[in-house]
Amino acid sequence: MTNSASESRIEEMDLLLQEVRSRNAMPLWEVNAQRGRPTVQPFLWRYLDYRDLLYRAADLVPMELAERRVFVFSNPGIDKHSATSSLYANLQIIKPGEIAPSHRHSPSALRLVIEGQGAYTAVNGEKSYMDPGDFVTTPSWTWHDHGNEGDAPMVWLDGLDVPFVQSLDANFYEQYPDSTHPLTKPDDLSLRMFGAGSLKPTWERRDSPNSPILNYKFERTYEALKALADDTDGSPYDGVTVEYTNPLNGGPAMPTIACFATLLRAGQRTQAHRHVGGTIYHVIEGSGSSIIAGTRFDWGPKDTFVVPSWHFHEHTAEEEAVLFSYNDSPVLQALNLYREEAMDAPHQEETEVFSS
Ligand code: GTQ
């Protein structure tokens, strides 16, 4: 082709593009060529950067206005306000005497308690008082309210699959007519019924995609981790990690969100691997660092960080550390989209140190 022939072809292609575009369509070769599309970034939210702001919000913003007094961690790599493209990681604060009124929604939710005492959550008629490190489930479409009966504010991390459910246009929401939903069960009955591991009540024959356990108390989780860490190395990639399972079927705690607790021994360094399913980590206790795609993130108690999908990551504990984490791997597994791989070398080169 001569120069002028190819020039005129480029002009015609440009014209074609404009016309296709003006008719609300786009050639695939243009769609695929778009650079700089937003992607989830590795990121760390230090708790101490948000604590004062949360307490300020607690003084300024009435519960009636907020319904839930929550900060949504916003990943700087994406346009929407969420920690990953499918999951929320939010901080919620509730003052003494307050009630976050009962409602239900199709997104599934979880809490990981950060500080305070004396607040409860009530889910579908069962109430549980929450302590730091507790992992609480709020399955899809269950009525739930929170109340603080203690004498200091209480803060927890909320994980929800709101962005995922929104992407499927399946987000439904309903308010309960009263601020609290009636209690129909003894407090913490679900943990007594189903929290004994291999000892399962014979008269309970129900199955459910959601764990029946409302509150997985931290004490028990820590005890299980310690017992394992005494005698096993755990996974070379994840350290001593346990999944909070649904005791009815051994599956994830909720159908869209898998939740884990990890113990890293003092000085332990895991090997690098990657998997799909962007993961949110929350530091329950201890300090250390994680290298995510070459960048080192130093973390301490109550910090939250994101390992995006398909990013190599490895963790090092300075002192014994306990991490909570969650991701959307059940969705990926159910749809046959899950994949993972180890890195060729055990460790990544550290090229940068993260600062926010
Ligand atoms: O506690 O029900 O962080 O409905 C966001 C939406 C928490 C909750 C959030 C919610 C809740």
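Taking the condition within 14 Å of the ligand (Cβ to nearest atom), at pLDDT 95 or above and open to solvent by 20 Å² or more (accessible area, probe 1.4 Å), does Glu98 pass?
Values: within 14 Å of the ligand (Cβ to nearest atom): yes; at pLDDT 95 or above: yes; open to solvent by 20 Å² or more (accessible area, probe 1.4 Å): yes.
For Glu98, the condition - within 14 Å of the ligand (Cβ to nearest atom), at pLDDT 95 or above and open to solvent by 20 Å² or more (accessible area, probe 1.4 Å) - is met.
Here's the yes/no breakdown for (1) assigned to a strand (DSSP E or B); (2) basic (Lys, Arg):
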| position | (1), (2) |
| --- | --- |
| Lys80 | no, yes |
| Ala89 | yes, no |
| Ala100 | yes, no |
| Arg104 | yes, yes |
| Ile114 | yes, no |
State whether one or more residues within the range 166-179 are assigned to a helix (DSSP H, G or I), on the phi < 0 side of the Ramachandran plot and within 16 Å of the ligand (Cβ to nearest atom). yes
Any residue that is touching a Lys or Arg at 6+ places or on another chain (Cβ under 9 Å), on the phi < 0 side of the Ramachandran plot and modelled with pLDDT of 95 or more - is there at least one of those in the range 2-16? no
If a residue must be open to solvent by less than 50 Å² (accessible area, probe 1.4 Å) and either farther than 26 Å from Asn327 by Cβ or within 14 Å of the ligand (Cβ to nearest atom) (or both), how many such residues does the range 46-69 contain? 9
Is there any pair with a first residue in the range 1-21 that is of a type in the set (Phe, Trp, Tyr) and a second that is part of a helix (DSSP H, G or I) whose Cβ atoms are under 9 Å apart and which are 6 or more apart or on different chains, and what are they? none
Tell me, yes or no, whether the range 33-45 has at least one residue that is open to solvent by 30 Å² or more (accessible area, probe 1.4 Å), modelled with pLDDT under 95 and within 16 Å of the ligand (Cβ to nearest atom). no
Filtering the range 75-87 down to residues that are surrounded by fewer than 23 Cβ atoms within 10 Å (Cβ to Cβ) and of a type outside the set (Gly, Ala, Ser), which residue is nearest to the ligand (Cβ to nearest atom)? His81
How about the range 274-316: which of its residues are open to solvent by 10 Å² or more (accessible area, probe 1.4 Å), assigned to a strand (DSSP E or B) and not hydrophobic (A, V, I, L, M, F, W, C)? Arg274, His275, Tyr281, Glu285, Ser289, Thr295, Arg296, Asp298, Thr316
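Return the only residue of Val72, Val136 being within 11 Å of the ligand (Cβ to nearest atom) and free of Cβ contacts under 8 Å to residues at least 24 places away in the same chain.
Numbers: Val136 fails: free of Cβ contacts under 8 Å to residues at least 24 places away in the same chain.
That would be Val72, the only listed residue that is within 11 Å of the ligand (Cβ to nearest atom) and free of Cβ contacts under 8 Å to residues at least 24 places away in the same chain.
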Give me the pairs, please: first residue somewhere in the range 154-169 and β-branched (Val, Ile, Thr), second residue anywhere and open to solvent by less than 20 Å² (accessible area, probe 1.4 Å), beta-carbon distance under 6 Å, and either six or more positions apart or on two chains. Val155/Ile93; Val155/Ile114; Val162/Pro107; Val165/Pro107
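Looking at the range 348-356, is at least one residue over 20 Å from Pro163 (Cβ atoms), in contact (Cβ under 8 Å) with a residue 40 or more places away in the chain and crowded, with 17+ Cβ neighbours inside 10 Å? Step through it out loud before you land on a result.
Of all residues in the range 348-356, those over 20 Å from Pro163 (Cβ atoms) come to 348-356.
Filter once more, keeping what is in contact (Cβ under 8 Å) with a residue 40 or more places away in the chain: 348-354, 356.
Applying the additional criterion that residues be crowded, with 17+ Cβ neighbours inside 10 Å yields 348, 354.
Yes, the range 348-356 contains a residue that is over 20 Å from Pro163 (Cβ atoms), in contact (Cβ under 8 Å) with a residue 40 or more places away in the chain and crowded, with 17+ Cβ neighbours inside 10 Å.
The values are calculated or read from the model by the stated rules, or taken from the named source; none is laboratory data. Predicted model, so just to flag it, every value in this text is computed and none were measured. Heads up, the Cβs are rebuilt from the backbone with ideal geometry, glycines too, and the neighbour counts pull from every protein chain shown. All accessible areas refer to the heavy atoms of the entire protein, side chains included, with ligands and DNA or RNA removed. Shrake-Rupley method; radii C 1.70, N 1.55, O 1.52, S 1.80 Å.
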